[in-house]
1. What is the Rg over Rh value, at two decimals, for the stretch 243-457, using alpha-carbon atoms and the Kirkwood definition of Rh?
2. By how many nm would the segment from residue 390 to residue 427 lengthen if fully extended, with 0.36 nm per residue of separation less the alpha-carbon distance?
3. What nm value, rounded to one decimal, do you get for the distance between residue 246 and residue 230 when each label is placed 7 Å out toward the C-beta?
4. How high is the relative contact order of the stretch 263-316, in percent, counting Cα pairs under 8 Å that sit 6 or more residues apart?
5. What ranking, highest mean first, results for peptides 91-103, 390-402, 150-162 when packing means the other Cβ atoms within 10 Å averaged over each residue?
6. Quick one: P(r) of the stretch 74-145 from all Cα-Cα pairs, 10 Å bins, percents rounded to integers, in order of increasing distance.
7. What is the order of 275, 138, 12, fewest Cβ neighbours within 10 Å to most?
8. How much FRET efficiency would the formula 1/(1 + (r/R0)^6) give for residue 318 and residue 348, where r is the Cβ-Cβ distance and R0 is 30 Å, rounded to 0.05?
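Derivation of every value follows stated rules applied to the coordinates shown; laboratory data play no part. Everything numeric here is computed off the predicted structure, so don't read it as measured data. Cβ placement follows ideal geometry from the backbone for every residue including glycine, while neighbour counts extend to all protein chains displayed.
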Ligand code: AMP
């Protein structure tokens, strides 16, 4: 609310007409909580940092840049807009190529962020380049050669280009964003991030955004933030009220059967199923396809082309079940997701918050069901502690669930045989991919659909 009690709009937050229009085109009627809280600070100019500098010809007065921001907001709360809109506004004020750099821990999230920048910046013709691993570097280098306004990437590939792509540098950037900052500050990215920080200007704005934060953020805060404003749009680690969360306590040997039962009960839903390992994404999707369900795997073990292909098929509704590892738990925005199933309980409780954040996004409702076996109870209890809620039990009659047991076991046996066979083929071919899984399982599904229905009737 504004001081006079009227609701905030993108205009009252201080955004220019062009950007207000972009929000309208995207159907964003009003700013979200994190946008209301972060955008005014991110737009603010801190004159304390104004200084004279010599360009080689003249002395110019560089007016201080906006405030640094640490934004803690639930996933799906409009975080991307909260940092993209102020950057686009600054770009409008002082148009310049290679203006901002956004880092993301996953390739898919980087692509999504770039799409949102291009959508919000379409009326002003903003150009983005995405630098992620698993894709040809030459194409990316050509795109960098066209000098985009915004570079969005994963740390490793960005560093690769900074080191090897002739003529590319980030020496001019005015904004650095770390999205999913707590993950980017993990050990796995530490070296790359440190190296990137060494070659970008210290005179810049830095935005850190995440749904969960570690103490490491304060380390980075010391290292490169200047008088940051910390904005917590929500209490730490909370999950949204429109999310209906339940658990199901079951013996390990019945887990597949419960999964099949729930997916069958909710067959009209668009569902993401989270597993712990890349291998199990493949096994489970084959199992489900053998039963006649439209499942597709996505994991870090697949080539980037296949990862994107799987994501696109899922987004397009071609497959309604995405079986994934935590590679898909951060930031991905697929509004159609109705349900998240935790096939394995994450050992790191914060991953739970990210996983279930794939549904019930932007005010919609959604469901999250955690399948907890006897070995996972301790991890599950940690999750309840973290989110500060005791969750209700998913209502399922064991006798009804076990009707699916025989069919599920058969489908699993066939899936395992298929994996064994394709691994053998791969060894013989020395390399290769999991390409065949899709088609062969699909063929089988047609044959098994009938018998699955039969076993249900039994
Ligand atoms: P994010 O948290 O940035 O991943 O955004 C989640 C979803 O909310 C995306 O689909 C955005 O397009 C959408 N969104 C962001 N801001 C708004 C807004 N102010 N009004 C409606 N939808 C929004």
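1. Details: Rg = 16.7 Å, Rh = 17.6 Å.
Result for the stretch 243-457 is an Rg/Rh of 0.95.
2. Numbers: separation 37, 0.36 × 37 = 13.32 nm, distance 4.78 nm.
Difference between extended and current length: 8.5 nm.
3. The modelled label-to-label distance comes out at 3.8 nm.
4. On the way: 25 pairs, mean separation 12.8, N = 54.
Contact order relative to length: 24 percent.
5. Details: 91-103: 18.2, 390-402: 12.5, 150-162: 22.2.
Packing order, densest peptide first, comes out as 150-162, 91-103, 390-402.
6. With a bin width of 10 Å, the distribution comes to 18, 51, 28, 3.
7. Working: 275 23, 138 9, 12 14.
Listed from fewest to most nearby Cβ atoms, that is 138, 12, 275.
8. Details: r = 32 Å, r/R0 = 1.05.
Efficiency, rounded to the nearest 0.05: 0.45.
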